[in-house]
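The values are calculated or read from the model by the stated rules, or taken from the named source; none is laboratory data. Being a predicted model, the structure only gives us computed values, none of them experimental. Methodologically, a virtual Cβ is constructed for each residue, glycine included, from the backbone with ideal geometry; neighbour enumeration extends over all protein chains shown. The protein model used for the area step is the full one, side chains on, heavy atoms only, and it has no ligands, DNA or RNA in it. Shrake-Rupley method; radii C 1.70, N 1.55, O 1.52, S 1.80 Å.
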Amino acid sequence: MSLENRTCLVTGASKGIGCGIAEDLGANGAEVIVNYRSSEAAAHDTAENIEAAGGDAIVAQADVSEMDEVRGMYEKATDAFGRIDVLVNNAGITVDKKFDNMTREDWDRVIDVNLGGVFNCTKTCFEDIRQAHEGRLINISSVVGQQGNYGQANYATTKSGLFGFTRTLALELANDGSTANCVAPGFVRTEMLESVPERVKEGILERIPLDRFAEVEDVVSMVSFIAQEQSSYMTGQILGINGGMEW
C-alpha cells in the first residue's frame, strides 16, 4: 500500500495519536502537514522523524478553533504541496469536571476546539477533498462518544457529534468518489492516559475484553488504511478500535 503523491493534513500532530498518524502516513509515502497549536518543538520532532524515514513534511501552527489561523495553515500547506487529498481531524482537548461543577466556559472551550475545529478545517479543505482523486476525510473520535464517561459531558458530546458529521459528509462526498470515515479509539497509552489515577485505570481495564490498553500503533494502522485507495468502498463508517468494549 502506498500514499505517494498524496498530501495529508493532520491536526494536533505534535504528540500522541496525532504524531503517530502523521509519522505513519509519511512512512507510507505521503506529504504530511504537521499541525500544532502550542507544542512547536514536538511538532518539529514529528516532521524530522518523517523526513528521517524518507518522507516529506512541513510544520504548520494553527489553533483549529480560529478560522483565520486555519486558513493561514491551509495557505502554507498548499503553497508547499498543492491540494489537500487527506484531512485527519485529530486535534482535541479535554476540560474534565462533573456536570455539577462544569461552567459554560468549560463547555464552550471543548466544543470550540473539538467540534468547531473540525468544522473549520473541513470547511477550508472541503473542495480539495471533493475534487481529489478519492479524497479522504478522517475524523478521530473516541469510545467516550459511544459510551459517555463520568466527568466528561462536554468531551463525550463532541466525540459523539463527530458520528453524525461523518455520516452526513460521507453522503455529500459520495458522488465525487471521496469518502468520510470516523475512527473511535478506546483508551490509548498516551500522556493523557498516563495522567489518569491508577485506580481509575484498573477500573477501565476491567471493561476491556482484550485486557489491555491500545497502543498508538493500533490506531494509526487503521487511519493509514482509510487514507489509501484500498479503502475506496468504505464510507460513513464508525470504526471502534477499543479492545472489544461494548457500546
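With K and R counted +1 and D and E -1, the other residues having a Cβ less than 15 Å from that of Thr235 yield a net charge of -1. The residues of the chain expose, per residue, 47 Å² of accessible area to a 1.4 Å probe.
With one equal scatterer per alpha carbon and no solvent term, the Debye-computed log10 I(q)/I(0) for the chain at 0.07, 0.08, 0.10, 0.12 1/Å reads -0.21, -0.28, -0.44, -0.64.
Build a GNM of the chain with springs between Cα atoms under 10 Å apart, and of Thr103, Thr166, Thr190 the one that fluctuates most is Thr103. Sequence-ordered 3J(HN,Hα) estimates for region 13-30 from the Karplus curve with 6.51, -1.76 and 1.60 and θ = phi - 60° stand at 9, 7, 9, x, 4, x, 4, x, 4, 4, 5, 6, 4, x, 5, 8, x, 6 Hz, glycine and proline given as x.
Among Ala53, Ala91, Ala62, the largest mean-square fluctuation in a Gaussian network model of the chain (Cα springs under 10 Å) belongs to Ala53. Pairs exceeding a 24 Å alpha-carbon distance, out of Lys97/Lys123; Lys15/Lys159; Lys98/Lys201; Lys98/Lys123: Lys97/Lys123; Lys98/Lys123. Largest first, the extents of the alpha carbon coordinates of region 1-104 on the three principal axes equal 50, 26, 25 Å. A cut-off under 13 angstrom between Cβ atoms defines the neighbours of Asn5, and their net charge, with Lys, Arg +1 and Asp, Glu -1, is -4. Tally Lys and Arg at +1 and Asp and Glu at -1 over the other residues with C-beta under 11 Å from the C-beta of Gly82: what net charge comes out? Summing Lys and Arg as +1 and Asp and Glu as -1 gives -2. Translational diffusion of region 117-247 was estimated from the Stokes-Einstein equation, with Rh taken as the Kirkwood radius over Cα pairs; at 10 °C and 1.306 mPa s the coefficient is 102 µm²/s.
Amide H contacts of Ala57: Val32, each under 5 Å away and 5 or more positions distant or on a separate chain (H built 1.01 Å from N in the peptide plane; Pro and chain starts excluded). Spin-label model, Leu171 to Lys123: label points 7 Å out along the Cα-to-beta-carbon direction sit 2.1 nm apart. Dipole magnitude for region 90-247: about 300 debye, using +1 per Lys or Arg Cβ and -1 per Asp or Glu Cβ, origin at the Cα centre.
In the Gaussian network model of the chain, springs joining C-alpha atoms below 10 Å, which of Leu87, Leu162, Leu193 carries the largest mean-square fluctuation? The residue with the greatest mean-square fluctuation here is Leu193. Here the Kirkwood formula, the inverse mean of 1/r across different C-alpha pairs, assigns region 55-164 a hydrodynamic radius of 14.9 Å. In order along region 88-103, the Karplus-derived 3J(HN,Hα) couplings, from 6.51 cos²θ - 1.76 cosθ + 1.60 at θ = phi - 60°, round to 10, 7, 10, 4, x, 9, 10, 9, 8, 7, 4, 4, 3, 9, 6, 9 Hz, and Gly and Pro are given as x. Given a Förster distance of 51 angstrom, what is the FRET efficiency for Phe225 paired with Glu105, based on the Cβ-Cβ distance and rounded to 0.05? E between Phe225 and Glu105, to the nearest 0.05, is 0.85. What the phi angles of region 150-165 give under the Karplus curve with 6.51, -1.76 and 1.60, with θ = phi - 60°, is a coupling list of 3, x, 10, 4, 5, 5, 4, 4, 5, 6, 5, x, 5, 5, x, 4 Hz, glycine and proline written as x. Scanning residues 5 or more positions from Ile241 or on other chains, those with amide H under 5 Å from its amide H are Ala184, Gly186, with H placed 1.01 Å from N in the peptide plane.
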